[in-house]
1. Among the residues in region 87-104, are any out of contact with any Cys (no Cβ under 8 Å at 6 or more places or on another chain), surrounded by fewer than 16 Cβ atoms within 10 Å (Cβ to Cβ) and of a type in the set (A, V, I, L, M, F, W, C)?
2. Determine whether TYR143 is under 20 Å from the mean Cα position of the chain (by Cα) and either in a strand (DSSP E or B) or in contact (Cβ under 8 Å) with a residue 40 or more places away in the chain (or both).
3. (1) out of contact with any Leu (no Cβ under 6 Å at 6 or more places or on another chain); (2) more than 20 Å from PHE318 (Cβ to Cβ): which one isn't true of LEU92, the others all being true?
4. Go through region 147-170 and give me each residue that's within 18 Å of the chain's Cα centre (by Cα) and of a type outside the set (A, V, I, L, M, F, W, C).
5. Please go through region 231-250 and give me each residue that is closer than 22 Å to CYS158 by Cβ and either open to solvent by 10 Å² or more (accessible area, probe 1.4 Å) or part of a strand (DSSP E or B) (or both), ordered by number.
6. Just give me the residues in region 151-175 being part of a helix (DSSP H, G or I) and either open to solvent by 40 Å² or more (accessible area, probe 1.4 Å) or closer than 14 Å to TYR215 by Cβ (or both), in sequence order.
7. Give me a count of the residues in region 49-97 that are of a type in the set (A, V, I, L, M, F, W, C) and either over 25 Å from TRP122 (Cβ atoms) or at pLDDT below 55 (or both).
8. What tally of residues in region 192-207 results from selecting those that are open to solvent by 50 Å² or more (accessible area, probe 1.4 Å) and either closer than 24 Å to HIS218 by Cβ or within 27 Å of the chain's Cα centre (by Cα) (or both)?
Amino acid sequence: MLLIFSYCFYCLSGLCNSAPRTLYRTDNFMDYDFTDELSPRVFPDAHNSSDAQQVDVGRSPSSSLPVSNTFGAKRFPQAIIIGVKKGGTRALLEFLRIHPDVRAVGAEPHFFDRFYDKGLDWYRNLMPRTLDGQITMEKTPSYFVTKEAAARICSMNCQTKLIVVVRDPVTRAISDYTQTLTKSPGLPSFQSLAYKNSSGEEIDDTWSAVRIGLYAKHMDNWLRHFPRNLFLFVSGERLVSDPAGEMGRVQDFLGLKRVVSDKHFYFNETKGFPCLKKPEGSSRPRCLGKSKGRTHPEIPTEVLQRLRQFYRPYNKLFYQMSGQNFGWD
């Protein structure tokens, strides 16, 4: 009897141990912290390139192992933030990622300017999976000043919605220079780069920091491929002073319910930028990186005045194109 009892015990014990178990606890599986989306991963097929970008990958809330998302489908973006550099595109993307119906690539794909030869299938594979009713987005500010980008995006879908974040071109140029200066401390002074020669009379519009701010010139190229109603122009200044107001306009343009509102923001006095309040389930609020809010170098008053004079006719033309007066003059 003892032998029979022992045999039955071990058989039952083995059966229990072989039963399937859940990988994660189901009571907290749906907890969501939007900062988890910022976990980096290198793009496929770009490991050997110095321009390899990073994308975000979802992670289990109770494990450090990546979790494959097999729901939904990878689609071409229905909306793209096409510019401009140092205008506030990163802030806009991070604010949009709060919305449950927006799925976006965290890094800049640079497909329509650098990697176009990799093909549309490669590009689509970079996109996050989306469910019906969700919007796929990406942002690459250099598209706005890349002549070929407009035609290339149109060849993908001429109904793509395009968002342009603009900022006072003089302030934008200084911010652009400041960013470059942190990477190249030996850079010549701003004024020596802004002028064509030492006479200090003619602005050098071939210098990228100046050229990007010629918004009307770049828009002329885009309007040859896309109708005006597919563009939304976001004020970089208002994105700082009234982020909820600008986000309301963006959500309307994208056909989204107004989910992102005042309750999501607080102003960080130290950085001089709005930050996202601590999301539910997260240990800290979300601010932009340390590179945002750099102190700009002192620029001589006469240089600023000359730049403002240079940009004035372009600004007025851009106000007409966009249907908005941004008040930069």
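1. No, every residue in region 87-104 fails to be out of contact with any Cys (no Cβ under 8 Å at 6 or more places or on another chain), surrounded by fewer than 16 Cβ atoms within 10 Å (Cβ to Cβ) and of a type in the set (A, V, I, L, M, F, W, C).
2. It is true that TYR143 is under 20 Å from the mean Cα position of the chain (by Cα) and either in a strand (DSSP E or B) or in contact (Cβ under 8 Å) with a residue 40 or more places away in the chain (or both).
3. (2)
4. Listed by number, the residues that qualify are THR160, LYS161, ARG167.
5. PHE231, LEU232, PHE233, VAL234
6. Within region 151-175, the subset part of a helix (DSSP H, G or I) is 151-156, 169-175.
Scanning region 151-175 gives ALA151, ARG152, SER155, PRO169, VAL170, THR171, ARG172, ALA173.
7. First, the residues of region 49-97 that are of a type in the set (A, V, I, L, M, F, W, C): 52, 55, 57, 65, 67, 71, 73, 76, 79-82, 84, 91-93, 95-96.
Next, from what is left, pick out any that are either over 25 Å from TRP122 (Cβ atoms) or at pLDDT below 55 (or both): 52, 55, 57, 65, 67, 84, 91-92, 95.
Looking only at that region, the number is 9.
8. The initial filter retains those residues of region 192-207 that are open to solvent by 50 Å² or more (accessible area, probe 1.4 Å), namely 192, 196-199, 201-202, 206.
With the extra rule that they be either closer than 24 Å to HIS218 by Cβ or within 27 Å of the chain's Cα centre (by Cα) (or both), the set shrinks to 196, 202, 206.
The qualifying residues number 3.
The values are calculated or read from the model by the stated rules, or taken from the named source; none is laboratory data. As the structure is a prediction and not an experimental result, all values here were calculated from the model. Cβ coordinates were reconstructed from backbone atoms using ideal geometry, including for glycine residues, and neighbour counts include every protein chain displayed. Areas reflect the complete protein model, heavy atoms only, side chains present, ligands, DNA and RNA absent. Shrake-Rupley method; radii C 1.70, N 1.55, O 1.52, S 1.80 Å.
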